[in-house]
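Undergrad: Mind having a look at this structure? Questions to follow.
Quick note: the coordinates plus some simple rules give every number you see, no bench work behind them. If you're wondering where the values come from, they're calculated on a predicted model, not measured in any experiment. Here the Cβ positions follow ideal geometry from the backbone for every residue, glycine too, while neighbour counts run over all protein chains shown.
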Amino acid sequence: MLRKDYLTRMIEEMTEAVGAMLGMRKAQKNEQAIEKLDGLLKRNFRMSEQMLRSLPPGELIGLFRQRGGVDAESLQLVARMLQESGEIRANMGQEREAAADRIKALHLYLHAALNGGSRELVDYPDRIAELSAQLERYKLPADEEKLTMLYEEREGRHVRAEDAMYRMLGASPENDKDALEEGRMFYARLSALSDEALQSGGLTREELQEGIEALEDEE
């Protein structure tokens with residue numbers, strides 16, 4: 001109960017702050033929006049806006065490790081703050097910095113989603129869809145594409161998962177054994193599904209076999 005009350009209060013504060021930051025962005029008061037974001041992070045997560053933006057995704061996730069896994073709820077809220085940081089940077093015309101924030105936010109959302117995150121907390125399916133659309137013209141790192149593959153697979157969208165798998169391979173070093181093994185395991189999991197389950201995700205058994213053979217040609 002205490003945990004739920006704590007999260008509820010934090011979400012209420014963040015919702016109000018995000019609304020205020022939106023108003024600041026519209027008024028071109030971007031520096032004030034950054035200060036608002038910095039204060040919110042320091043109060044709730046004991047980190048600064050600079051720290052949030054400088055730490056790589058793996059280190060940020062490490063800050064929320066707990067026995068038996070990760071604090072997925074807090075991770076989702078941090079991802080929401082990173083997403084807002086990306087909006088502020090884009091409003092300032094800093095497209096490279098905005099993209100970096102958005103890629104990192106996507107990573108955290110995906111990791112949280114795959115590790116017990118709450119769909120209701122920040123509506124992560126919509127957040128992931130928003131960020132994916134904003135980042136469509138960018139070539140994402142292999143780690144983000146791997147997480148996207150696993151997420152789309154879990155959601156039953158097998159064609160999208162397969163697309164992410166090939167993007168993962170394309171973003172990995174040539175003949176990367178780990179990436180190829182991820183691809184093989186992906187197809188092995190799909191092969192264990194029924195024809196109906198495959199078709200509900202947009203794949204036929206024949207198309208699956210074609211994909212398996214195409215992956216073998218990559219080796």
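Undergrad: Can you give me the relative contact order of the chain as a percent, contacts being Cα pairs under 8 Å and 6 or more apart?
TA: Values: 208 pairs, mean separation 27.1, N = 219.
Relative contact order for the chain comes out at 12 percent.
Undergrad: Give me the one-decimal nm value for the distance between modelled label points at residue 192 and residue 137, 7 Å along each residue's Cα-to-Cβ direction.
TA: Label-label distance for residue 192 and residue 137, simple model: 4.1 nm.
Undergrad: Distance between Cα centroids, the range 158-219 to the range 45-87: provide it in whole Å.
TA: Centre-to-centre (Cα) distance: 30 Å.
Undergrad: Work out, step by step, the length gained on full extension between residue 15 and residue 217: first 0.36 nm times the residue separation, then minus their alpha carbon distance; give nm to one decimal. Please report the intermediate quantities before stating the final value.
TA: Working: separation 202, 0.36 × 202 = 72.72 nm, distance 4.94 nm.
In short, 67.8 nm is gained.
Undergrad: Here's a follow-up. Mind ranking 123-130, 191-198, 160-167 by how tightly packed they are, going by the mean number of other C-beta atoms within 10 angstrom, highest first? Present the calculation step by step, with values, prior to reporting the outcome.
TA: Details: 123-130: 15.9, 191-198: 12.0, 160-167: 20.2.
Ranked by mean Cβ neighbours within 10 Å, highest first: 160-167, 123-130, 191-198.
Undergrad: So, one more: When a/c reaches 1.5 or more, the comparison of a/b and b/c decides; with that in mind, is the chain rounded, prolate or oblate per its Cα gyration tensor? Each step should come with its number before you reach the end.
TA: Details: a/c = 2.27, a/b = 1.82, b/c = 1.24.
Cα axes put the chain in the prolate bin.
Undergrad: Using a simple spin-label model with points 7 Å from Cα along the Cα→Cβ vector, what separation in nm is obtained for residue 115 and residue 55?
TA: It is 1.2 nm.
Undergrad: Further question: Pairs on different chains or at least eight residues apart, Cα atoms closer than 22 Å: how many lysine pairs in the chain fit?
TA: So the count works out to 9.
Undergrad: Right, another one. Full extension from residue 204 to residue 185: what is 0.36 nm times the residue separation minus their Cα-Cα distance, to one decimal in nm?
TA: Details: separation 19, 0.36 × 19 = 6.84 nm, distance 1.80 nm.
This chain segment gains 5.0 nm when fully extended.
Undergrad: Given a Förster distance of 41 Å, report the FRET efficiency between residue 26 and residue 176 from their Cβ-Cβ distance, rounded to the nearest 0.05.
TA: Working: r = 44 Å, r/R0 = 1.08.
In this case the efficiency is close to 0.40.
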